[in-house]
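The values are calculated or read from the model by the stated rules, or taken from the named source; none is laboratory data. Just so you know, these numbers come straight off a predicted model, no measurement behind them. Reconstructed Cβ throughout: ideal geometry from the backbone, glycine too, with neighbour counts over all protein chains shown. What goes into the accessible areas is simple: the full protein's heavy atoms, side chains included, and nothing from ligands, DNA or RNA. Shrake-Rupley method; radii C 1.70, N 1.55, O 1.52, S 1.80 Å.
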Amino acid sequence: MQTLYPLLIRPDPIPYQRQRWETPDGDFIDLDWLVTAGGVTATEEARSLLVVFHGLEGSSNSHYVLALLAAAAAIGWAAVAVNFRGCSGESNRLPRAYHSGDSDEIDWILHRLRTTFPQQQHYAAGVSLGGNALLKWLGERGSAAGCCLQAAAAISAPVDLAACGHHLAHGVNRVYTRHFLHSLKRNAAAKLRRYPGLFDERRMRSARNLYEFDDVVTAPLHGFAGADDYWRRASSKPLLGGIRLPTLLLNAVNDPFLPPRALPAANEVAGSVRIDFPRQGGHVGFVTGNPPGQLVWLPQRVLHYFQHEV
């Protein structure tokens, strides 16, 4: 319920100003900038900039992105939601799209933002898939991550992709798998129409879980030998000890995507990582208050960390 209920009380849409960036390999991504009441982005005037990376099949309109950006606006921060390739409502150009371990994509985005807005304090929040990719980048770059960010937060990140994928394939959790597969297969079919023979269509359409889909689509399109290779190399958990930037790792113990045994222990993360594992919250849920409930706890927790705990 904590995971699904936010869809019923999602925040109102936010006025965005869209900006398209050409990628180094000839593709594009769309960034949606928070617009102030005066109708302009507050990037130049604000002292701080919040960058948000969404989850699997999410976008700048996901409920958690809207909540985070609204909270940033309330304290006078500039904010931008990064739509991964193909997630902004328009298919990307290349056969590849986005994946859980795409730390190189995170790298060039954050470096370009730092170069474009050198005067601001930069903070990044990654949610679910975006959180894993951000953590992987943080672990790989170590102290060099400080060139781009003051601090980071990863929310409901599937730090162990194998544990997450297999957990979602059993019991009631299969409802989430069906939801993701419906969207993933639709987008994969669109890729095949543009690039016939890109992968085995029969295997794609018959995939019953994320492992089977990743094995035939995600892995080969992004340079992995198969689902096992992808899940192993893209998981951020082995890299958490290399993080040197102040980082909040926020996961609910009852997250249906990641079993509690897969949550990292204190000795598996660097001293710069603040572990926060509340008992309740589901997967990017964290609904609080009297009915109908509110989605303010998550953004307040993240922004409090950035403002007062770093």
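Beta carbons within 10 angstrom, averaged per residue: use that to sort the peptides 184-191, 262-269, 162-169, 148-155, highest first. All intermediate terms of the calculation are to be shown ahead of the outcome.
Working: 184-191: 16.1, 262-269: 14.6, 162-169: 20.1, 148-155: 25.6.
Taking the mean over residues of other Cβ atoms within 10 Å, the ranking is 148-155, 162-169, 184-191, 262-269.
By a straight-distance test (C-alpha under 16 Å), which aspartates and glutamates pair with residue 185 as possible cross-link partners, with residues fewer than eight away in the same chain excluded?
Qualifying aspartates and glutamates at Cα under 16 Å: 57, 90, 200, 201, 212, 214, 215.
So what is the calculated 222 nm ellipticity per residue for the chain, using -39500 (n - 2.57) for each DSSP H run with n of 4 or more, over all residues, to the nearest 500 deg cm²/dmol? Could the numbers behind the result be given before it?
On the way: 9 runs with 93 residues, N = 310.
My calculation for the chain gives -9000 deg cm²/dmol from helical runs alone.
For every other residue with a beta carbon closer than 14 angstrom to the beta carbon of residue 214, add +1 if it is Lys or Arg and -1 if Asp or Glu, then tell me the sum. Working shown, then result.
Details: positive: 96, 185, 203, 208, 232, 233; negative: 57, 102, 200, 212, 215, 228, 229.
Value of the local net charge: -1.
Report in % the part of the accessible area of the chain that belongs to carbon and sulfur, leaving out ligands and nucleic acids; probe 1.4 Å.
Working: 6930 of 13270 Å².
Reported share for carbon and sulfur atoms: 52 percent.
Could you pull the Cα extents of region 167-265 along its three principal axes, largest to smallest, in whole Å?
Principal extents (Cα only, largest first): 44, 32, 20 Å.
How large is the charge dipole for region 215-300, taken about the Cα centre, if only the Cβ atoms of Lys, Arg (+1) and Asp, Glu (-1) carry charge, to the nearest 20 debye?
Working: 7 positive and 6 negative charges, 49 e Å.
Computed about the Cα centre, the dipole is about 240 debye.
Placing unit charges on C-beta atoms (Lys and Arg positive, Asp and Glu negative, everything else neutral), compute the dipole magnitude of the chain about its Cα centre in debye, rounded to 20. Don't skip to the end; give the middle numbers.
Numbers: 30 positive and 27 negative charges, 110 e Å.
With Lys and Arg at +1 and Asp and Glu at -1, about 520 debye.
With a Förster radius of 51 Å, plug the Cβ-Cβ distance of residue 111 and residue 290 into 1/(1 + (r/R0)^6) and report the FRET value to the nearest 0.05.
So the FRET efficiency works out to roughly 0.70.
How many angstrom lie between the Cα centre of region 1-80 and the Cα centre of region 91-124?
Cα centroid of region 1-80 versus Cα centroid of region 91-124: 14 Å apart.
Please report the relative contact order for the chain, taking Cα pairs under 8 Å with a sequence separation of at least 6, and give it as a percent rounded to a whole number.
Details: 601 pairs, mean separation 61.0, N = 310.
Relative contact order comes out at 20 percent.
When we measure straight from the Cα of residue 237, which lysines land under 20 angstrom away, once same-chain ones fewer than 8 places off are left out?
Within the straight-line cut-off, residue 237 pairs with 136.
Measuring from the lowest to the highest alpha carbon on each principal axis, how far does region 97-211 reach, largest first, in angstroms?
Principal extents (Cα only, largest first): 50, 35, 19 Å.
Tell me the per residue accessible area of the chain using a 1.4 Å probe; a whole number in Å² is fine.
Details: 13270 Å² over 310 residues.
Counting only protein heavy atoms, the per-residue value for the chain is 43 Å².
Compute log10 of I(q)/I(0) for the chain with the Debye formula, placing one identical point scatterer on every Cα and leaving out solvent, at q = 0.09, 0.10, 0.11, 0.12 Å⁻¹, to two decimals.
-0.41, -0.52, -0.63, -0.77
For residue 7, project a label point 7 Å along Cα to C-beta. Then give me every residue of region 55-90 with its amide nitrogen under 17 Å of that point.
Within reach of a label on residue 7: 55-66.
Dipole of the chain (Lys/Arg Cβ +1, Asp/Glu Cβ -1, origin at the Cα centre): which of 80, 264, 240 lies farthest to the positive side?
So the residue we want is 264.
Given contacts defined as C-alpha pairs under 8 Å and at least six residues apart, what's the relative contact order of region 191-306, whole-number percent?
Values: 121 pairs, mean separation 20.4, N = 116.
It rounds to 18 percent for region 191-306.
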